[in-house]
Amino acid sequence: MNSLERIAILCLAFVFAALGTAGAAPAPIPAPPSSLPPPSITLAEARTILDGAIAYARERNVLMAVMVVDSAGNTVASERMDGVSANNMLYAQGKAYASALQRQTTESLSQLAKDRPDRYFGIIAMYPGKMYLVGGGVPLIANGQLVGAVGVAGLAQYEDEAAGRAGITAWERMRAAPR
């Protein structure tokens, strides 16, 4: 064995020795407790809103899609009645998202197209493909705080909002009921 081979073997020995000590996994560090606030609206509450909105649609023999989002616009629950286009689910999501982030009804936001087109198109440009500024999105307020929004699509514009408000009425009854 020449000196070059000895150096190569020595280098490999050092590498394997270093890998052997570095390969041992250290004990995992436990995750700190969550500092996130509790969810602003529960799945059970969202289901109550969906059921109330769907009951409204069934009473009128119409079809729709409905979505409930939290205060950040993240989906909590959604429902699409049989026979409703999948596009209506996207519209309901866009209405709920817009209502949550803008903290107002999408009906009032739709008026911006006439009164403040710069603001209307600015909102559309800021959130491309996310906000649908047509009536049917209503914010959810509990104890004076925004906790989410509901979006309804598939009915006439004024009926979309009425269905969402029917779901909100069911939710408010649920929250007021003694537990």
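The values are calculated or read from the model by the stated rules, or taken from the named source; none is laboratory data. The model shown is predicted, which means the values in this text are computed figures rather than measured ones. Ideal geometry is used to build each Cβ from the backbone, glycine not excepted, and the neighbour counts take in all protein chains shown.
Here are the numbers:
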{"quantity": "Matching residues in the range 142-179 - criterion: being more than 16 Å from the chain's Cα centre (by Cα) and over 19 Å from Met64 (Cα atoms)", "calculated": "Ala142, Asn143, Gly144, Gln145, Glu172, Arg173, Met174, Arg175, Ala176, Ala177, Pro178, Arg179"}
{"quantity": "Qualifying positions in the range 96-115 - of a type in the set (Asp, Glu) and over 23 Å from Ser78 (Cα atoms)", "calculated": "Asp115"}
{"quantity": "Residue in the range 71-87 that is surrounded by the most Cβ atoms within 10 Å (Cβ to Cβ), counting only those that are within 22 Å of Ala44 (Cα to Cα) and hydrophobic (A, V, I, L, M, F, W, C)", "calculated": "Val76"}
{"quantity": "Top-ranked residue of the range 48-85 - restricted to ones that are of a type in the set (Gly, Ala, Ser) and assigned to a loop (DSSP other than H, G, I, E, B), ranked as nearest to Gln157 (Cα to Cα)", "calculated": "Ser85"}
{"quantity": "Qualifying helices (runs of 4 or more DSSP H) (wholly inside the range 88-179; at least 2 residues being surrounded by fewer than 24 Cβ atoms within 10 Å (Cβ to Cβ) and modelled with pLDDT of 95 or more)", "calculated": "157-176"}
{"quantity": "Boolean, Glu79 is touching a strand residue (DSSP E or B) at 6+ places or on another chain (Cβ under 9 Å), modelled with pLDDT of 95 or more and among the charged types (D, E, K, R)", "calculated": "yes"}
{"quantity": "Residues that are over 18 Å from Met174 (Cα atoms) and either modelled with pLDDT under 95 or buried (at least 19 other Cβ atoms within 10 Å of the Cβ) (or both), drawn from the range 34-59", "calculated": "Ser34, Ser35, Leu36, Pro37, Pro38, Ala57"}
{"quantity": "Residue in the range 116-124 that is among the small types (Gly, Ala, Ser) and either under 21 Å from Thr75 (Cβ atoms) or in contact with a helix residue (DSSP H, G or I) (Cβ under 6 Å, 6 or more places away or on another chain) (or both) present", "calculated": "no"}
{"quantity": "Single residue of Gly94, Gly129 found to be of a type outside the set (A, V, I, L, M, F, W, C), under 24 Å from Glu45 (Cβ atoms) and in contact with a helix residue (DSSP H, G or I) (Cβ under 9 Å, 6 or more places away or on another chain)", "calculated": "Gly94"}
